[in-house]
Amino acid sequence: MLGLMQDQPLLISSLIEFAERHHGDGEIVSRRVEGDIHRYTWADVAGRSRQAANALDGESLGFGDRVATLAWNGYRHLELYYGVSGSGRVLHTINPRLHPDQIAWIMNHAEDKILCFDLSFLPLVQAVHAKCPDVRKWIALCDADRLPVDSGIPHLDSYERWIGTQPDTYAWPTFDENTASSMCYTSGTTGNPKATLYSHRSTLLHAYGAALPDVMCLSARDSVLPVVPMFHVNAWGLPYSAALTGCKVVFPGPALDGKSVYELIEAEQVTFAAGVPTVWQMLLTHMKPGGLRFSSLTRTVIGGSACPPAMIHAFQQDYGVDVLHAWGMTEMSPLGTLCTLKNKHLAQPAEAQDAIRLKQGRAIFGVDMKIVDGDGTELAWDGKAYGDLMVKGPWIVKAYYKGEGGDPLVPDANGHGWFPTGDVATIDADGYLQITDRSKDVIKSGGEWISSIDIENIAVAHPAVAMAACIGVAHPKWDERPVLAVVKRPGAEVTREELLKFYEGKTAKWQVPDDVIFVESIPIGATGKMLKTKLREQLRGYTLPTI
Ligand code: AMP
């Protein structure tokens, strides 16, 4: 017997309709690329996202066509979140920190039809447009009078002119909630970047989950600052959870330095902020010398990389701000676990509570997790046994866009598919996850991925290099930095400096290794693969050069 409840698909358009109706005067504040502060309301977001939807219809875009963005966190980007997905198209947010060649590759792979970009990324668009012949229109997120002349970009328009003539009425279409809504590429462990394709259903369920009290605890009383970029995993879902709860949203734009972030937090009385450790490090470094204090901030969610104990301590003890340590992945929309205490912990001494806060936290309802050994046998939740972390749930990927990389899921005895995260972890008896290592060969620097394979491929293209292995080495500011171990060809000579120079123009500057170490050999496993774990062990005593 089926239930007799209304069968209404979970669609992203319903979020913005709700925010407009119930929180129409709720504020959205953005620091613009131009440097000034822009303010308007949820009702304005709704109206202008309908104008954007009309403008997209005017481009004869089909249902499911991809519309890309290269943009900071700001109000126009938010309008595209709703206008693009709400009208049945797929929002493809692109990471502007990638090399132009990688961006062009991703855009062609996604088959983007339109690209909307902040003017700060004009040089990037100038570098890629000729390589993306299928893009029909390039839209600069600016007023008509700021549109660059002689940019060399064909079919260039300003966003304000593009949507300005459109009506702000639009009937959001109704369709299957499993329809794709947005996509995000991530550098895989092997081969080219792969895209996670989110659906309306996964996005709404994730938005509900993220707002829960033991997760981000969002409410209409909050003023929320997403420092985590909207170009990476939908800013951890905050643009959606914010509409669902009707909170005030404060967008930092491109100004992510400690001073700008601090000033915005104070001026807009931010209560909750989200970002990777590197950003918070800059904020704390700015605040400490002048003895600055927060007058409104009560909690911050920190994730994307392990949050250093000193940072949790500083926020908690020095500033009275609760740190919510979070773990997740692009493939998980991204939230998997978040660290909050349980009732029984409240009576425990401060040190015991601090030890819990260092962990990445408990699973959110909607995320199943387990740790397994090399044979796939599930390991005990005793806080000691560590193994490969596997997850499943309705906001977790089941396949990559275009089937790239084949079927990523590992079936269990009941035939349920689990996604292997590439992280190694323990889980304690209370269900708290702690990441102890990473089995995937990628390096995370300042919250951004560096593909070790890309770095190695460039090195082995050098005539003097026989073999190269890139590993991540701990760094106080960036969490990890890439270092290259190189075996020279017999009789060939090359210096560290020559090799580093060889990277110029071939990859983004921040992805260039910090150092080159010449070695006799690189450990190789039985299957012929380089054994990075062993290499890391061999280089344990190594410290990065201080430049
Ligand atoms: P991304 O797909 O770029 O969001 O990166 C996801 C990966 O970042 C995870 O698989 C982890 O390796 C790492 N990561 C994310 N959050 C944390 C955290 N709190 N502690 C340690 N590693 C993390």
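The values are calculated or read from the model by the stated rules, or taken from the named source; none is laboratory data. On a predicted model such as this, the values are computed, not experimentally measured, just so you know. Virtual Cβ from ideal backbone geometry, glycine too; neighbours counted across all protein chains shown. For the accessible areas, the whole protein counts, side chains as well, though only heavy atoms, and no ligand, DNA or RNA atoms are used. Shrake-Rupley method; radii C 1.70, N 1.55, O 1.52, S 1.80 Å.
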Checklist line | When residues of the stretch 443-460 are limited to those that are in contact with a Lys or Arg (Cβ under 6 Å, 6 or more places away or on another chain) and within 12 Å of the ligand (Cβ to nearest atom), the one least open to solvent (accessible area, probe 1.4 Å) | finding: Ser445
Check: Does at least one position in the stretch 126-142 carry a residue that is more than 25 Å from Glu331 (Cβ to Cβ), open to solvent by 50 Å² or more (accessible area, probe 1.4 Å), of a type outside the set (Phe, Trp, Tyr) and touching a strand residue (DSSP E or B) at 6+ places or on another chain (Cβ under 8 Å)?
Finding: yes
Next item on the list: Could you look through the stretch 423-442, keep only residues that are in contact (Cβ under 8 Å) with a residue 24 or more places away in the chain, within 12 Å of the ligand (Cβ to nearest atom) and closer than 24 Å to Ala355 by Cα, and pick out the one that is surrounded by the fewest Cβ atoms within 10 Å (Cβ to Cβ)?
Entry: Asp437
Note to self: If a residue counts only when it is aliphatic (A, V, I, L, M) and either more than 20 Å from Phe121 (Cβ to Cβ) or not assigned by TED's automatic domain parsing to the domain that holds Val228 (or both), which helices (runs of 4 or more DSSP H) contained entirely in the stretch 1-108 have at least 2 such residues?
What the structure shows: 12-23, 42-58
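Consider the stretch 332-352. How many of its residues are within 29 Å of Trp395 (Cβ to Cβ) and either away from the ligand (no atom under 16 Å from the Cβ) or open to solvent by 30 Å² or more (accessible area, probe 1.4 Å) (or both)?
The total comes to 5.
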Check: Say we look at the stretch 231-252 and pick out the residues that are within 14 Å of the ligand (Cβ to nearest atom) and assigned to a loop (DSSP other than H, G, I, E, B); which of these is surrounded by the most Cβ atoms within 10 Å (Cβ to Cβ)?
Finding: Gly237
Item checked: Failed item, numbered, when Ala466 is tested on (1) small (Gly, Ala, Ser); (2) outside any strand (DSSP E or B); (3) more than 20 Å from Ser187 (Cβ to Cβ) -> (2)
Check: Limited to the stretch 495-547, what total is found for residues that are without any contact (Cβ under 8 Å) to a residue 24 or more places away in the chain, of a type in the set (Lys, Arg) and in a loop (DSSP other than H, G, I, E, B)?
Finding: 2
Checklist line | Criterion: surrounded by 22 or more Cβ atoms within 10 Å (Cβ to Cβ) and touching a residue at least 12 places away in the same chain (Cβ under 8 Å) - qualifying residue of Ile153, Ile114 | finding: Ile114
Check: Taking Leu484, is it crowded, with 16+ Cβ neighbours inside 10 Å, touching a residue at least 40 places away in the same chain (Cβ under 8 Å) and of a type in the set (A, V, I, L, M, F, W, C)?
Finding: no
Check: Looking only at residues in the stretch 382-422 that are touching a helix residue (DSSP H, G or I) at 6+ places or on another chain (Cβ under 9 Å) and among the hydroxyl-bearing types (Ser, Thr, Tyr), which one is surrounded by the most Cβ atoms within 10 Å (Cβ to Cβ)?
Finding: Thr421
